[in-house]
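Peer 1: Dropping the structure in here first, questions after.
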Amino acid sequence: MTKYTLFPRTAFGRDAAMIDQIGSATLSERPDFAIASVAERAGQGDLSPVLTGAAAVAVSEWQDGLGRTVFWSGPNQWFVLADHDRSEMLAAELKTELGDQASVTEQNDGWVVFDLQGADLTPILERLCPINLAEFGANRVQRTVIDHVGCFVLCLEPGRSYRLLCGRSFAGSFAHGIKTIMGSVAV
Amino acid sequence: MTQSNRISGGLIDRDLPISFSFEGESLQGFAGDTLASALLANGKRLMGRSFKYHRPRGVISSGSEEPNALMHIGEGAYRTPNTRATVAELYDGMVAQSQNAWPSLAFDAMGINDLFSNFLTAGFYYKTFMWPRAFWEKLYEPIIRKAAGLGSLSMQDDPDVYDKGFLHCDLLVIGAGPAGLMAALTAGRAGAQVILADEDFVMGGRLNSEVIEIGGQSGSDWAKASLAELASLPNVRLMARTTVLGAFDHGIFSAVERVSDHLPLSQRAGRARETLWRIYAKRSLLCAGATERMIAFSNNDRPGIMQAGAMRAYANRWAVSAGQKVAVFANNDDAYRTARDLTAKGVEVVAVIDPREGVPDSPVQVIRGQVIHSKGRLGLKSVRVRKADGGVETLAVDALAVSGGWNPNLSLTSHQRGRPDWRDDIAAFVPGANLPVGMAVAGAAAGDFSTHAALHSGAEMACQSLEALGQPVTPANLPEAEDAPTQITPFWYVGEGKARKWLDFQNDVTVKDVKLAHQEGFESVEHLKRYTTLGMATDQGKNANMGGLAVMAEMTGQSIPQTGTTIFRPPYTPVSMGALAGRSTGKDFKPTRLTPSHHWAQRQGAVFVEVGQWLRAQWFPQPGETHWRQSVDREALAVRKSVGVCDVTTLGKVDVQGKDAAQFLNLVYANAFAKLPVGKTRYGLMLREDGIAMDDGTAARLAEDHFVVTTTTANAGPVYRHMEFVRQCLRPDLDVQLISTTDAWAQYAVAGPNSRKLLQKIVDPEFDISNEAFPFMGCAEITVCGGIRARLFRISFSGELAYEIAVPTRYGESLIEVLMQAGAEFDVTPYGTEALGVLRIEKGHAAGNELNGQTAAAHLGMARLVSTKKDSIGAVMTRRSELAKDDGLRLVGFESMGAEILPAGSHLFADGATQEPANDQGWLTSACYSPHLGKHIALGYLARGSDRIGEVVDAANPVEGKTLKARVVSAHFIDPEGARLRD
């Protein structure tokens, strides 16, 4: 046994998650998610019902099931979110479940999850990304670009609650860009 | 209150007086005023000076097409030049200054240019400043540049902020006059997602400027009621102060919204000044109205002479009379409204001058004839009229309303090269059939000038647009409105009179200039534009183009449609540079990616360098080190002597999985990968299709069906894209899946003879990383520090015994802290990208400088690496004769013969050869001081380099005028046998 110990830090180099309220909107970092990406191997068919334990996940949508959130990330590809404390080894768990049906990759720290919540987020989001918010209802997900950073946006509740994922190394710039617009809209 | 020209009525709010200053003079206006209307109300007719001759000019319009009344607005860093007073919404405390005038607007020394106008005609630059040739750059151009221009920048950083945004709609209605409002009502009531955008701060267009009735209400009241209804519809978005700038592909429009520009500075804090919107519209309807054109006559540019429609807009909307005694000069019936409306407001209208036969009845005196001259240098005093019977009459007036007819605002219809059609009945171009996809046109923009016609076409086109989207609409009953036919006889300029007859007011282009262009052979409209600068002012020809075309048509004997038009391009009106930049300014110009050790490195005082989007530690200065070389030399030596740690997370990582993963890598890498054993890593060279080296890196086989590919930092994106292209497009039959994991793992190079000893202190004891159990090029999934999962690769960029260790990124910062603690007994040293570069140059490893898009495998000395036993991308092309020839460039090393650094980029010549392109034998790619060797060294490509070891060559640096001697050596300065790697 080595005498050294590693401690986790957030994407902002802190011990606690970032949270910031500006105006009526709040942006919070969610380091409590384990993340894995799943890609179907040749000829295996739609694996999303296996991932959710129930319904298939349609194109540009997300579904909850088996304690996971599964969202469509591309043709025959999905991202899976689960509680980090319970499923830090999410990728390994999924690989065990799926075997040679899928390629599974750990993304726990590849992406940072943020929640954006507030009374009326439309003025903020329409200044951040080109998503058609009128058609972007609950259970929709879209890959887009915010402040030059590629990201996923999940709609939890239209106008009031969204979940965003960006590459971990971009977290500072990504959050800065969002908070800047939160401030601009709050005036 | 001194608003001498303020009259009754109008849509201004007299309960809200506003103080502002112009040329240092304190003045008053009202809420609802523009700067132009407030200045006119205060009797200020002189508002600017022209570009070239510095002629005194007044406002000619009441809209965004204004060419004359351009101002500096704001103070200090907030000063904005070239702001059109006609669209500047008056706010309390506004400070406006004229521009392009010195020492004052009324007395402008540069007005002397006007006296030399005979020498300054169109094309004078091209004729005058041709010799002596050397004078152009040093003398003429600086003087001309200093003299040219209108407003001046504050030369300070823009203190404002600007937002960008994205909107979607079924129907974008551009312009909120009668046609636009009726269209928005029609589509909005039908439930469509509608955006109604208008550049004015009060929507309604000409309804706010005319005395007309719609459905028994005044036009402005009907507009107000319609807007109230539209505001109540959740599916309609009203965007005032929003100019649609351009029509782009796929129904995308750009529009700029003025968010806080109209507010006093004290109310702007934190707000964006403007927002640049990208609007995705399934259908668009252009209802942009029309622009009235002037008639050119001698000295038709006096302050006080303006568009007839503008003059009655000032009276009806802003309650301002342009003068005390007014005349009208027009070739159409519409302008008679100006006489009617001004008379009704008690303004004395002396006469309407009309060149047509059969002039209409009017309560005002109508003189059949033409205005042939005007007087009043700083403001109109009188006009001379040549009557149809030959007599001459001078009219003492201080304002003249002019109308030569109306031009539909069709700019946006031609942003994708749509060409307009000519209509004789209205003597104007109208949008042609070749509109941007999904666009329709209604109202005056389509040549439907009456109010009824505008309402009708607005509703009709909205119905058609929605029907095309599969949303059938029942058109509502139209309210009653006037439907007067257009009565016009084309009349472009007055022939009589020797003084200049102005077409382009801002750029000072006259009828004579157009004739000169014709005389000198510049007959094409495109040549006319560039020779005379007609239409190149900030109004982009909205006022002047038609007049110029008409004169050219007359000269060539062609019709106006045969003469043609220049092409309108975005933006419709000038745009702030800040709006185009949005928030992407300064350090926010691009996103910054931070490494897992970033915050730790900051605490160590690291100096950072931008590598693409990443910030990487370049070196870590220690106390007493005053020069970067001291730090870098120390770090490089520490690695060779004991052990160093460098954050290499930035190298791209691509997870490659699938049954055919090995076969896939065998295709994308030039060297063989199919038989790489599990638990092994291999160097890989990736070629482009044309055989040029694209990138190099490693691939580690974690399982039969699982590899991790690393790329260089700079090429992480392009290589991943290339691999996806191969997967999706070239070999979709292979069962392989790719995904980037660059950010998922914090990865450190641990390099140096003590690297194993250091790692053994943190790797959990069940994993044996001894040389025997974990030899050179091994890879394994392990755990460290009591169960944290990690990946270990025994690879080396430095040439030393070395590893790369990766842990989940959240543990990355902690890992380097632990490595520093555990390595203290070995004097472990963090090293940055500079030392990394020194170490790899000493070892002769290629990097971005060597893989520069010009070099093939043979140049790198890796021709044999390109397997002949399999097919791989670029393999055939890299063997083509020019790339593979024996006497081609080869990567070799160089040692400086003196104490001076060999500059990378130096070109190589045989010792003593004349330094000319024919003798060029290659170039130095990377250079450094090698603390290990105690001399300056370099890598470079040299013709037949591998056969010339020991030869001395010239390294020429013509930028600094230096040539240095360099000895050709092996690229492997240290440990050429690679014994250290395997130790």
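Derivation of every value follows stated rules applied to the coordinates shown; laboratory data play no part. Just so it is clear, the model here is predicted, and its values are computed rather than measured. All Cβ positions, even for glycine, are placed from backbone atoms using ideal geometry, and neighbour counts span all protein chains on display.
Peer 1: Subtracting the Cα-Cα distance from 0.36 nm times the residue separation, let me have the gained length for B:ASP827 to B:GLU526 in nm, one decimal.
Peer 2: 101.1 nm
Peer 1: Moving on. With each pseudo-label sitting 7 Å past Cα toward Cβ, what's the B:ASP424-B:ALA910 distance in nm, one decimal?
Peer 2: Calculated label separation equals 8.0 nm.
Peer 1: List the Cys residues of the protein assembly as shown that have no partner Cys with a C-beta closer than 4.7 Å.
Peer 2: Isolated Cys, the protein assembly as shown: A:CYS129, A:CYS155, B:CYS169, B:CYS287, B:CYS463, B:CYS646, B:CYS729, B:CYS779, B:CYS785, B:CYS928.
Peer 1: While we're on this one: Based on the Kirkwood radius over alpha-carbon pairs, what is the Stokes-Einstein translational diffusion coefficient of the stretch B:1-157 at 4 °C with 1.567 mPa s viscosity, in µm²/s?
Peer 2: This corresponds to a translational diffusion coefficient of 75 µm²/s.
Peer 1: If you don't mind, another one. To the nearest Å, what is the center-to-center distance of the stretch B:356-375 and the stretch A:81-116, using C-alpha atoms only?
Peer 2: The stretch B:356-375 and the stretch A:81-116 have Cα centres spaced 84 Å from each other.
Peer 1: Separate question: Quick one: Cα convex hull volume of the stretch B:294-404, Å³ per residue?
Peer 2: Here the figure is 82 Å³ per residue.
Peer 1: Mind putting together the pair-distance distribution for chain A? All Cα pairs, 5 Å bins, whole percent per bin, short to long.
Peer 2: Bin by bin from 0 Å, the calculated values are 1, 8, 16, 20, 19, 15, 11, 6, 3, 1, 0, 0.
Peer 1: Calculate, for B:LYS127 and B:LYS375, the FRET efficiency according to 1/(1 + (r/R0)^6) with r their C-beta to C-beta distance and R0 25 Å; round to the nearest 0.05.
Peer 2: Plugging the Cβ-Cβ distance into 1/(1 + (r/R0)^6) gives 0.15.
Peer 1: Write down Rg/Rh for the stretch B:886-982, rounded to two decimals, with Rg from the C-alpha atoms and Rh from the Kirkwood relation over Cα pairs.
Peer 2: Rg/Rh: 0.98.
Peer 1: Where the centre of each part is set by its Cα atoms, how far does the stretch B:195-246 sit from the stretch B:527-586, in angstrom?
Peer 2: 28 Å
Peer 1: So, one more: Please report the relative contact order for the stretch A:55-157, taking Cα pairs under 8 Å with a sequence separation of at least 6, and give it as a percent rounded to a whole number.
Peer 2: 20 percent.
Peer 1: Also, I was wondering about something else. Just going by the charge dipole of the protein assembly as shown, with Lys and Arg at +1 and Asp and Glu at -1 on Cβ, which of B:LEU469, B:SER61, A:ALA17 is farthest out on the positive end?
Peer 2: Selected residue: B:SER61.
Peer 1: Amide H to amide H, which residues 5 or more places from B:THR829 or on other chains are under 5 Å from it, using H placed in the peptide plane?
Peer 2: The answer is B:VAL643, B:GLY644, B:VAL645.
Peer 1: Taking only the C-alpha atoms, wrap a convex hull around the stretch B:334-482 and report its volume per residue in Å³ as a whole number.
Peer 2: Roughly 168 Å³ of hull volume per residue.
Peer 1: Can you give the log10 of the normalised intensity I(q)/I(0) at q = 0.21 Å⁻¹, computed with Debye over equal Cα scatterers of the stretch B:500-621?
Peer 2: The Cα Debye sum returns log10 ratios of -1.07.
Peer 1: Same structure again: Rounded to the nearest 0.05, what FRET efficiency is calculated for A:HIS176 and B:LYS146 with R0 set to 60 Å and r the Cβ-Cβ distance?
Peer 2: The value I calculate is 0.90.
Peer 1: Would you list which lysines come within 29 Å of B:LYS962, measuring only between C-alpha atoms, while excluding same-chain residues fewer than 8 positions from it?
Peer 2: Cα-Cα hits under 29 Å: B:LYS138, B:LYS843, B:LYS935.
Peer 1: Another question, then. Quick check on chain B: helices-only [θ] at 222 nm, where DSSP H runs of length 4 and up contribute -39,500 (n - 2.57) each and the sum goes over total residues. Nearest 500, please.
Peer 2: Mean residue ellipticity, 222 nm, calculated: -5500 deg cm²/dmol.
Peer 1: I've got another one for you. How many nm is it between the label spots at A:ALA134 and B:VAL211, if each spot is 7 Å from the Cα in line with the beta carbon?
Peer 2: 4.1 nm
Peer 1: Right, here's the next one. Per-residue HN-Hα couplings for the stretch B:597-604, Karplus 6.51 cos²θ - 1.76 cosθ + 1.60 at θ = phi - 60°, whole Hz, x for Gly and Pro?
Peer 2: Karplus-based 3J(HN,Hα) across the stretch B:597-604 equals 8, 4, 5, 5, 4, 4, 5, 7 Hz.
Peer 1: Pairs of alpha-carbon atoms within less than 8 angstrom and 6+ residues apart define the contacts here; what relative contact order does chain B have, in percent?
Peer 2: 9 percent
Peer 1: Pairs B:LYS501/B:LYS529; B:LYS224/B:LYS282; B:LYS44/B:LYS375; B:LYS885/B:LYS965: which are spaced more than 20 Å apart, C-alpha to C-alpha?
Peer 2: Too far apart for the 20 Å limit: B:LYS224/B:LYS282; B:LYS885/B:LYS965.
Peer 1: Over chain A, what is the relative contact order in whole percent, taking alpha-carbon pairs under 8 Å and six or more residues apart?
Peer 2: Normalised by residue count, the contact order of chain A is 23 percent.
Peer 1: Just for the Cα atoms in the stretch B:474-537, what are the lengths along the principal axes, largest first, rounded to whole Å?
Peer 2: Extents along the principal axes: 57, 30, 21 Å.
Peer 1: What's the Cα-based Rg to Rh of chain B, Rh via Kirkwood?
Peer 2: 1.11
Peer 1: Continuing with the same structure: Check cross-link reach from B:LYS587 to the aspartates and glutamates: straight Cα distance under 19 Å, and skip same-chain residues fewer than eight apart.
Peer 2: Cross-link targets: A:ASP147, B:ASP157, B:ASP158, B:ASP160, B:ASP163, B:GLU610.
Peer 1: Could you calculate the contour length gain from B:ASN118 to B:ALA499, that is, 0.36 nm times the residue separation minus the distance between their Cα atoms, to one decimal place in nm?
Peer 2: Here the answer is 136.0 nm.
Peer 1: In terms of the ratio Rg/(2.2 N^0.38 Å) built on C-alpha atoms, what value belongs to the stretch B:768-830?
Peer 2: 1.15
Peer 1: Taking 7 Å along the Cα-to-C-beta vector as the label spot, tell me the B:ALA106-B:ASP920 distance in nanometres, rounded to one decimal.
Peer 2: 6.5 nm
Peer 1: Ok, one more. Given that compact globular proteins tend to follow 2.2 N^0.38 Å, what is the ratio of the alpha-carbon Rg of the stretch B:653-742 to that value?
Peer 2: The value comes to 0.96.
Peer 1: May I pose another question? If you wrap a convex hull around the C-alpha atoms of the stretch B:500-556 and split its volume per residue, what is the figure in Å³?
Peer 2: Expressed per residue, the convex hull around the Cα atoms of the stretch B:500-556 is 61 Å³.
Peer 1: With only Lys, Arg, Asp and Glu charged, each at its Cβ (+1 for the first two, -1 for the last two), find how big the charge dipole of the protein assembly as shown is about the Cα centre; round to the nearest 20 debye.
Peer 2: 2120 debye
Peer 1: Then there's this: Pairing the Cα long axis of helix B:812-822 with the longest principal axis of chain B, what angle in degrees results, from 0 to 90 and rounded to the nearest 10?
Peer 2: With rounding to tens, the tilt is 30 degrees.
Peer 1: Just to be sure I follow: if Rg is taken over the C-alpha atoms of the stretch A:33-106 and Rh is the Kirkwood radius over the same atoms, what is Rg/Rh?
Peer 2: Rounded to two decimals, Rg/Rh equals 0.92.
Peer 1: Please compute the alpha carbon radius of gyration of the stretch B:599-701, then divide it by the globular-protein estimate 2.2 N^0.38 Å. Two decimals is fine.
Peer 2: Against the empirical 2.2 N^0.38 Å value, I get 1.46 for the stretch B:599-701.
Peer 1: Grab the beta carbon distance between B:THR394 and B:GLN365, set R0 = 25 Å, and tell me the FRET efficiency rounded to 0.05.
Peer 2: Efficiency computed from Cβ-Cβ geometry: 0.95.
Peer 1: Given the protein assembly as shown reduced to its alpha-carbon atoms as identical point scatterers, what log10 I(q)/I(0) does the Debye formula return at q = 0.06, 0.10 Å⁻¹?
Peer 2: Per q value, in the given order, log10 I(q)/I(0) is -0.66, -1.20.
Peer 1: Can you list the aspartates and glutamates whose alpha carbon sits under 18 Å from that of B:LYS515, skipping same-chain ones fewer than 8 residues off?
Peer 2: Cα-Cα hits under 18 Å: B:GLU496, B:ASP504, B:GLU523, B:GLU526, B:GLU554.
Peer 1: A follow-up question, please. Among B:GLY76, B:SER260, B:VAL211, flag the residue with its Cα farthest along the positive direction of the charge dipole of the protein assembly as shown, charges on Cβ as +1 for Lys/Arg and -1 for Asp/Glu.
Peer 2: Value: B:GLY76.
Peer 1: Which of the chymotrypsin sites (Phe, Trp or Tyr not before Pro) found in the stretch B:509-593 are loop residues per DSSP with 12 or fewer other Cβ atoms within 10 Å of their Cβ?
Peer 2: The qualifying sites are B:PHE589.
Peer 1: When the Cα centres of the stretch B:296-322 and the stretch A:1-79 are compared, how far apart do they sit, in Å?
Peer 2: The two parts, judged by their Cα centres, are 65 Å apart.
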